[in-house]
1. Give the Rg (one decimal place) followed by the Dmax (whole number) of the chain, computed from C-alpha coordinates and expressed in Å.
2. Past the 22 Å Cα-Cα mark, which pairs from Lys13/Lys366; Lys81/Lys253; Lys13/Lys33; Lys33/Lys242; Lys121/Lys301?
3. Can you give me the long-range amide H partners of Trp93? Hydrogens built in the peptide plane at 1.01 Å from N, cutoff under 5 Å, separation of 5 or more residues or another chain.
4. When the chain is fully extended, how far beyond the present Cα-Cα distance does Asn247 get from Tyr205, taking 0.36 nm per residue of separation?
5. Can you check what the net charge comes to around Ser250, using other residues whose Cβ is under 12 Å from the Cβ of Ser250 (Lys, Arg +1; Asp, Glu -1)?
6. Which value, in Å², gives the accessible area per residue of the chain when a 1.4 Å probe is used on the protein heavy atoms?
7. Tally up the carbon and sulfur contribution to the accessible surface of the stretch 20-89 as a whole percent, 1.4 Å probe, everything protein left in place.
8. Whole Å is fine, so just give me how far the alpha carbon centre of the stretch 251-298 lies from that of the stretch 1-31.
Amino acid sequence: MLRQYRIRDYDFKLIILVVALTVIGILAIGSAKESVQSRQLAGFVFGAFLMLVISLFDYSVILRFYWVIYAANIVLLTLVKIGGVEAGGAQRWLNLFGIQFQPSETAKIFMILFFAQFIMKHQEEMGSLRMIGACILLFLPPIFLIYIQPDMSTSIMVVLLFCVILFVGGISWKYIILAFAVAVPAFVIALTLVLQPDQTLIDEYQQNRILAWLYPEEYAQTEAYQQTNSITAIGSGMLYGKGYKTNEISSVKNGNFISEPQTDFIFAVIGEEFGFVGGCSVIVLLILISFECIMVARRAKDLAGTIISAGVAALIGFQGMINISVATGVIPNTGIPLPFVSYGLTSLVSLYVGVGFVLNVRLQCKK
C-alpha cells in the first residue's frame, strides 16, 4: 500500500491553506467558547496526523475495499437510528467504545470513496440510464438514514455532493438537462407546498425556519432571532472588526445573542471580531482550497482520483457557501458547520481525511 513518492510532488500549498483556515477556526472558537478550544486543537493535531498518513497510502489499493466502505457507512448510520445519542431534538451522534462522533459527517467521505471506485469500474456504462439508476439506488439508503435523524441540512449537502460525483463521473449531458428541467419546477412546487399551513412534507420547525427567512420581522424573537443577530454582528465588525475576544457587552458572544456561536454561526464571530477583512480571508481560503483540489482532479491518473479530488472540492466549497449564506441571511437557517472553522471534531477530522486522499491523488498525478 505504501509507495515511493517524490517530495517535490507533495502538495504543500494545499496543506498550508488548510492549516491556515483551521488556525483561524481555532482562534475564533477560543473567543466564542474558550472551554472547547483545546478539544478543537486536539482534533486538528489528530486530523493532521491522519491526513499525512493517508496521503502516503496508495488510494487505489484502499478503493479495492469499496464495498466494505459502503457497508461500514450503512452500518454506522443504522446504529445511529437504533441506539444513537439524542441532543437538541435530533438523534445524530453515536457513542462507540467511549468515543462520540457524528456518522453523517464521515458518510460524506465514505460516499466519495465508494462512488469513486464504483463509477470507475463502470465508467463505460455511465451514459446509460441503467447505470445512473444503479447509482441512485445505492445512494438512497445512506441519504434516507441521514434524513430521518432528522438532518435536513446534511441531506441537502449530501445530495449536492452526489450530483457533483455523477457529473464528474461522466453522466450524459442529456440527463443533466433533463434533471434540471424536472428539478427547477419541482423545487418551486415543493416550496409552495411547504409554505401552506397544513403541509406534511417537512417538520414544523423546518417550515418555521423558511417562513422566518421570508418574513424575519414576524419571527424576530423566535426562529429569525439567531440569523438576524448574526447579520447584525457581521455588519458591526465593519472593515477590521472589534478586535479579538472583544469585551463589548453588545457582542455576539458576550451578549449571548446566538446560542452555541462556536458551531454553525462561527462566521458571525469572525465577522464581528475581524471585520470584513477577516470574513473575506475565510472565503478566499475556502475558494483556494477548493480550487487546488480541482486542479489535482484535472491531473489525476484515473477517474477514481478525479472523483475523489472533485468530491472533496465540492464538499468544502458547497458546505462553506451554505454556512456563510446562512450566517449572512442569504438562505434559510440550516445547521451545517463551516469547513475547518466550526467546532466539531467529527467534521474536522473527516475533512482532513478527505484532504489526505487528495494529497495522495496529487502524488500519483500524470506528469
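The values are calculated or read from the model by the stated rules, or taken from the named source; none is laboratory data. This structure is a prediction, so every number in the text was calculated from the model and none was measured. Backbone-built Cβ (ideal geometry, glycine too); neighbour counts: all protein chains shown. What goes into the accessible areas is simple: the full protein's heavy atoms, side chains included, and nothing from ligands, DNA or RNA. Shrake-Rupley method; radii C 1.70, N 1.55, O 1.52, S 1.80 Å.
1. 20.7, 62
2. Numbers: Lys13/Lys366 18 Å; Lys81/Lys253 33 Å; Lys13/Lys33 30 Å; Lys33/Lys242 17 Å; Lys121/Lys301 14 Å.
Beyond 22 Å: Lys81/Lys253; Lys13/Lys33.
3. For Trp93, whose amide H was placed from the backbone, the distant partners under 5 Å are Val85.
4. 11.8 nm
5. Values: positive: Lys242, Lys253; negative: Glu248, Glu272.
Around Ser250, the surrounding residues sum to 0.
6. Normalised by residue count, the accessible surface of the chain is 47 Å².
7. Details: 2530 of 3440 Å².
Its accessible area is 74 percent carbon and sulfur atoms.
8. Using only Cα atoms, the two centres lie 17 Å from each other.
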